[in-house]
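The values are calculated or read from the model by the stated rules, or taken from the named source; none is laboratory data. Since this is a predicted model, take the numbers as computed values, not measurements. Cβ coordinates were reconstructed from backbone atoms using ideal geometry, including for glycine residues, and neighbour counts include every protein chain displayed. We work out accessible area using only protein heavy atoms, side chains counted, and drop any ligands, DNA or RNA first. Shrake-Rupley method; radii C 1.70, N 1.55, O 1.52, S 1.80 Å.
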Amino acid sequence: MATQINPCCSSSTTFSPSSLNQKAFSSAKFFNFSRKSSPSRWVFKIHSRISPKNQFELKSSNGYPLNAISLHDGAAEKPLAKELVSPPEQSESNLSVTVVGASGDLAKKKIFPALFALFYEDCLPQNFTIFGYARTKMTDEELREMISGTLTCRIDKRENCGDKMEKFLERCFYQSGQYNSEEHFAELDLKLKQKEGGKVSNRLFYLSIPPDIFVDVARCASGRASSKNGWTRVIVEKPFGRDSESSGELTRSLKKYLAEDQIFRIDHYLGKELVENLSVLRFSNLVFEPLWSRNYIRNVQFIFSEDFGTEGRGGYFDNYGIIRDIMQNHLLQILALFAMETPVTLDAEDVRNEKVKVLRSMRRLKLEDVIVGQYKGHSKGAKTYAGYTDDPTVPNDSLTPTFAAAALFIDNARWDGVPFLMKAGKALNTRRAEIRVQFRHVPGNLYKRNFGMDLDKATNELVLRVQPDEAIYLKINNKIPGLGMRFDRSDLNLLYSARYPKEIPDAYERLLLDAIEGERRLFIRSDELDAAWAIFTPLLKELEAKKISPELYPYGSRGPVGAHYLAAKYDVRWGDLAGDD
């Protein structure tokens, strides 16, 4: 029987039409748009992308129906209004999404385009409103003009894009106000009520703002703009503090106004397709799960590199550095997903419980297991690249690392003694994010004479390339056809662009859809955050107290030499050095 793939599902769930529970979807509403031939006034700004589109049922990342009642939803969520939530079948509801910090780059480049993509795929409810909120003075039309240039379509007929875009922009409005003003949030509340038209109001606030004003916005939204008869949820962007103490203080302050299950701490890397597929690859393929332990895995590498520096973000980056910006959140979250035990179910709490167990089992990082670096200016041909401290927003004597490599260990029965190596850096020779699993050598290998000293050929390696060009490939040893016995290292390669021609949704689309549904599996719980900071805080304090100077490396290079010595210390070679990827 043919299967359908649901574009409103964050996972790769497939199902047959006969298995659909129509009752569970009875409250799902879809848009029916006429295809007008008249051009929209915003059409000239659209960058169209072509891919198939069909009508599908709504589902969230755990495979449950979008409008099905969840154990983590409704009255159990303790909405800010402290009132019972009306069941969806008793009253028609309205979704209001308020992007706080709407004039910022993140909102323009990621959040509004993600909301439009969800609207285009019919993943938003029939009654929805989007508000931008920021200090910048702006009209509704000016907001629409600002965001229209960043919206893109995944469509099957190009001429329909302008029509869909215009209908979306008609739902977008703006409210100017201060982030710490309850009066201004009361004005926002009044406008929201006008658009909601007396329906049950479900409100989602996306805080696309610096962390030092999170609490002010939470206080004002809680007191003046929360829903009185539906749910209220708040998405919080990283960084979640600078260390254990500041993170804990931020959590305690937010919980004065929000319940834990109303706070959605977002890490967009958890919404990336290959990261989502990590648990599917492991838990639904018998060929991998038995190998997923210290018995067969020699080391695991989490590699993040960018081929550009901090251009335009030097002042912000200097307050955090690469460890806080990338390693403590993105890479550590992926590590926890990789190393966790099999959860009881795919329920959010079951998955997050297992991630917390991994983080609490990890050793605290020591200075001798870390290398830090900072890129310097470099000339290549006629082009000159500025160093980190050449940025006018960065102090000349800054010791903030733009590169770091670390060896981490998990002290449990499954992973005892296996080094988990992390490497993250800016201004390197390539842009990539990947997970590399290097397996142990074959005991008593009959063909070891053919390998000689070539460790690459003697090592099987599973690679999950998160970006760019998403792929999963397994490196194996293979005989070259012919009369002799010559070996070749070959790849069993699943290249997503070749296997799945449909465009992969952006991570923010998946995470926004989950937040709307109340699915928390891909968001970070407070105890998970505490455990993550406990691993890195002692190291960060020691680096700052001892004023450790980072090793300099040229812009566009592979990074500091010290990273290779760190890997060699544990008899590991970085997998991205082979040059055959």
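Please report the orientation-averaged projected area of region 201-316, defined via the convex hull of its C-alpha atoms, in nm².
11.6
Please work out the average accessible area per residue across region 208-287, using the 1.4 Å probe convention, and give it in Å².
With all protein chains present, region 208-287 gives 34 Å² per residue.
Rg over Rh of region 293-423, using C-alpha atoms and the Kirkwood radius, what does it come to?
1.08
If you roll a 1.4 angstrom probe over the protein chains with everything in place, what fraction of the accessible area of region 109-152 belongs to carbon and sulfur, to the nearest %?
Whole-percent figure for carbon plus sulfur exposure: 48.
Please report the carbon-and-sulfur percent of the accessible area for region 496-581; probe 1.4 Å, protein heavy atoms only, DNA, RNA and ligands left out.
Percent of accessible area from carbon and sulfur atoms in region 496-581: 56.
Once Lys and Arg get +1 and Asp and Glu get -1 on their Cβ, which of S226, T251, F240 lies farthest toward the positive end of the dipole of region 212-251?
Final value for the positive-end residue is S226.
Would you kindly calculate the translational diffusion coefficient of region 376-431, applying Stokes-Einstein with the Kirkwood radius from alpha carbon pairs, for 20 °C and a viscosity of 1.002 mPa s, and quote it in µm² s⁻¹ without decimals?
It comes out at roughly 149 µm²/s.
Label-point separation (nm) for L367 and T393, each offset 7 Å from Cα along Cα-to-Cβ?
Using points 7 Å along Cα→Cβ, the separation is 3.1 nm.
For A186 and E245, what is the calculated FRET efficiency with R₀ set at 35 Å and r taken between the beta-carbons, to the nearest 0.05?
Using R0 = 35 Å, I get an efficiency of 0.55.
Can you pick out the pairs among K110/K547; K272/K423; K238/K423 whose Cα atoms lie more than 26 Å from each other?
Going by Cα-Cα distance, K110/K547 fall outside the 26 Å limit.
Where nothing but the Cβ of Lys and Arg (+1) and of Asp and Glu (-1) is charged, how large is the charge dipole of region 461-546 around its Cα centre, in debye to the nearest 20?
580
Can you figure out the FRET efficiency of F308 with E92, using R₀ = 45 Å and their beta-carbon distance, to the nearest 0.05?
That gives a FRET efficiency of 0.40.
Over every pair of different alpha-carbon atoms in region 480-556, take the mean of 1/r and invert it; report that Kirkwood radius in Å.
Computed over region 480-556, the radius equals 19.1 Å.
Over the Cα atoms of region 228-385, what radius of gyration and what Dmax do you get, in Å?
Looking at region 228-385, its Cα Rg and Dmax stand at 19.2, 64 Å.
I want to check the label-to-label distance for D411 and E260. Put each point 7 Å from Cα in the C-beta direction and report it in nm to one decimal.
Each label point lies 7 Å from its Cα, and together they span 2.5 nm.
Report the dimensions of region 133-231 along its three principal axes from the alpha-carbon atoms, largest first, rounded to Å.
Dimensions of region 133-231 along the principal axes of its Cα atoms: 45, 31, 22 Å.
Subtracting the Cα-Cα distance from 0.36 nm times the residue separation, let me have the gained length for S253 to Q126 in nm, one decimal.
Computed gain between S253 and Q126 is 42.2 nm.
Modelling each spin label as a point 7 Å along the Cα-to-Cβ direction, I'd like the Y565/K547 distance in nm, to one decimal.
With each label placed 7 Å out from Cα toward Cβ, I get 2.2 nm.
Fully extended, how many nm does the chain gain between K228 and T139 (0.36 nm per residue separation, minus their Cα-Cα distance)?
29.3 nm
Find the Cα radius of gyration of region 403-559, compare it with 2.2 N^0.38 Å by division, and give the number to two decimals.
Working it through for region 403-559, the quotient is 1.39.
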